[in-house]
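Structure first, commentary second.
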Amino acid sequence: MANHKSALKRIRRNEAVRLRNRYQHKTVRNAIKKLRSEEDKKAAETLLPTVVSMIDKLAKRNIIHNNKAANLKSKLTSKVAAM
C-alpha cells in the first residue's frame, strides 16, 4: 500500500487515465473495423477522415505508437482508394 497522500492520488489518477485510454482505443478499433467492412466507396470515403483523425489523436496522446498510426492510416487509405 502507498505511504504518501500523493501516491494514493497517483494510483487513483492512473486508473482513471487507463480506463479513458482503453475506451478511446476500443472506440478507434471499432471505427477501423467499420471502415474495413464498408462495401460502398462513397461511404468509406466519408468515414475515412474521421477515422484518420481519431488515429492521429491516439498517437498524439501516446496511446498508440506513431509508426503504428502511420501504418494504419496508410493501409486504410490504400484500401479505400482500391475500392
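The values are calculated or read from the model by the stated rules, or taken from the named source; none is laboratory data. For clarity, every value in this text was computed on a predicted model and none was experimentally measured. Every residue, glycine among them, receives a Cβ derived from its backbone with ideal geometry; neighbour counts consider all protein chains shown. Surface areas here come from the heavy atoms of the whole protein model, side chains and all, with no ligands, DNA or RNA. Shrake-Rupley method; radii C 1.70, N 1.55, O 1.52, S 1.80 Å.
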Under 7 Å by Cβ, and 6 or more places apart or on different chains, what pairs join a residue from region 1-23 that is within 22 Å of Ile63 (Cα to Cα) with one that is of a type outside the set (Val, Ile, Thr) and at pLDDT below 95? Ile11/Ala2
Answer residue from region 16-39, given it is open to solvent by 80 Å² or more (accessible area, probe 1.4 Å) and not basic (Lys, Arg) and is nearest to Lys73 (Cα to Cα) among those: Glu39
Please go through region 11-42 and give me each residue that is touching a helix residue (DSSP H, G or I) at 6+ places or on another chain (Cβ under 9 Å) and hydrophobic (A, V, I, L, M, F, W, C), ordered by number. Val28, Ala31, Ile32, Leu35
Run down Thr77, Thr50 and say which single residue is surrounded by 12 or more Cβ atoms within 10 Å (Cβ to Cβ) and among the hydroxyl-bearing types (Ser, Thr, Tyr). Thr77
Residue, nearest to Arg20 (Cα to Cα), within region 53-74, restricted to residues that are open to solvent by 70 Å² or more (accessible area, probe 1.4 Å) and touching a residue at least 24 places away in the same chain (Cβ under 8 Å): Arg61
